[in-house]
Amino acid sequence: SYNAMQAGVDFGFEYMETRISNESADTRLMAERLARAINFDPRLLSKQIPYFFVEPTIVIESLDNTADPHVGYLTVLSCKSMIPCSQKNQVSYFVKMLVQHTIFVPVYQAVVALRLRLGHIFHRFFDEVMPNERFYLGGSYSLRGYETDVAPPVSFYQDEQGCERIVPRGGKSMININAELRIGLTRSLGAVIFNDIGALSGDMFADVTMKNILVAVGMGLR
């Protein structure tokens, strides 16, 4: 068995900028069109903001096996605070919190694995949150059945060739639940039945309704 609690703090300076490849009129227009599609304030394009960041993280583990757990739990808590270095950008501060808790329960010859993830970005307006700091869903580690980071809400925009593209908007609040039934078939092969649930909100958890809850159900081999 493995039991441990780890805590650490990362801190330093970081520059954030959504850079446009060139400042031609056509490229600028395309960038502004894409910014509006993902609900990002076009006034922040090509604007460099220096931040001082502090990110404490706590990891608590109590597992029978870290590589292939059958019983126990894993908890991860993190809080990233981004503080602008310049007075004129003080309104661009934000705090990003993420809580993740996973439990493993043996049931006869199988294992039930449950994971809950909750995240929220404390900031005034969603359209001022940098796209790379937003929460996304989709992919093998969050909401299976959707491509990586492309779970709704999404928007559509036309690129330079006139083709319609799908772009994810992300969220300021995120909830994700993964439930698995893991069944061992041989020493090196197992089957899994899963049910994933998730939702993103541009503001608060209270905005999550039955209409924007996403569900993915399936099975596979490992």
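Just the residues that are open to solvent by less than 40 Å² (accessible area, probe 1.4 Å), touching a strand residue (DSSP E or B) at 6+ places or on another chain (Cβ under 9 Å) and of a type outside the set (Asp, Glu), please, taken from the stretch 128-143. Steps first, please.
If we filter the stretch 128-143 for residues that are open to solvent by less than 40 Å² (accessible area, probe 1.4 Å), which is where we start, we get 129-131, 133-135, 137-139, 142-143.
Then drop every residue that is not touching a strand residue (DSSP E or B) at 6+ places or on another chain (Cβ under 9 Å), which leaves 129-131, 133-135, 137-138, 142-143.
Within the stretch 128-143, 129, 130, 131, 134, 135, 137, 138, 142, 143 meet the criteria.
Given the criteria modelled with pLDDT under 90 and either open to solvent by less than 30 Å² (accessible area, probe 1.4 Å) or out of contact with any Cys (no Cβ under 9 Å at 6 or more places or on another chain) (or both), does residue 218 qualify? Don't jump to the end; show me each part of the working.
Working: modelled with pLDDT under 90: no; either open to solvent by less than 30 Å² (accessible area, probe 1.4 Å) or out of contact with any Cys (no Cβ under 9 Å at 6 or more places or on another chain) (or both): yes.
No; evaluated as a whole, the condition is false for this residue.
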When residue 89 is run through (1) surrounded by 15 or more Cβ atoms within 10 Å (Cβ to Cβ); (2) polar (S, T, N, Q); (3) free of Cβ contacts under 8 Å to residues at least 40 places away in the same chain; (4) outside any strand (DSSP E or B), the failure sits at (3)
Top-ranked residue in the stretch 186-204 [being farther than 17 Å from residue 142 by Cβ and touching a residue at least 12 places away in the same chain (Cβ under 8 Å); ranked as most open to solvent (accessible area, probe 1.4 Å)]: 204
Can you name every residue in the stretch 85-96 that is more than 18 Å from the chain's Cα centre (by Cα) and under 24 Å from residue 136 (Cα atoms)? 91, 92, 93
What number of residues in the stretch 97-111 are over 22 Å from the mean Cα position of the chain (by Cα) and either aliphatic (A, V, I, L, M) or surrounded by 15 or more Cβ atoms within 10 Å (Cβ to Cβ) (or both)? 5
Identify the residue in the stretch 41-76 that is free of Cβ contacts under 8 Å to residues at least 60 places away in the same chain, hydroxyl-bearing (Ser, Thr, Tyr) and in contact with a strand residue (DSSP E or B) (Cβ under 6 Å, 6 or more places away or on another chain) and, among all such residues, is farthest from residue 116 (Cα to Cα). 51
Whether any residue in the stretch 149-169 is open to solvent by 60 Å² or more (accessible area, probe 1.4 Å), in contact with a Phe, Trp or Tyr (Cβ under 8 Å, 6 or more places away or on another chain), at pLDDT 90 or above and assigned to a loop (DSSP other than H, G, I, E, B) is what I want to check. yes
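The values are calculated or read from the model by the stated rules, or taken from the named source; none is laboratory data. Just so it is clear, the model here is predicted, and its values are computed rather than measured. Virtual Cβ from ideal backbone geometry, glycine too; neighbours counted across all protein chains shown. With ligands, DNA and RNA removed, areas are computed over all heavy atoms of the protein, side chains included. Shrake-Rupley method; radii C 1.70, N 1.55, O 1.52, S 1.80 Å.
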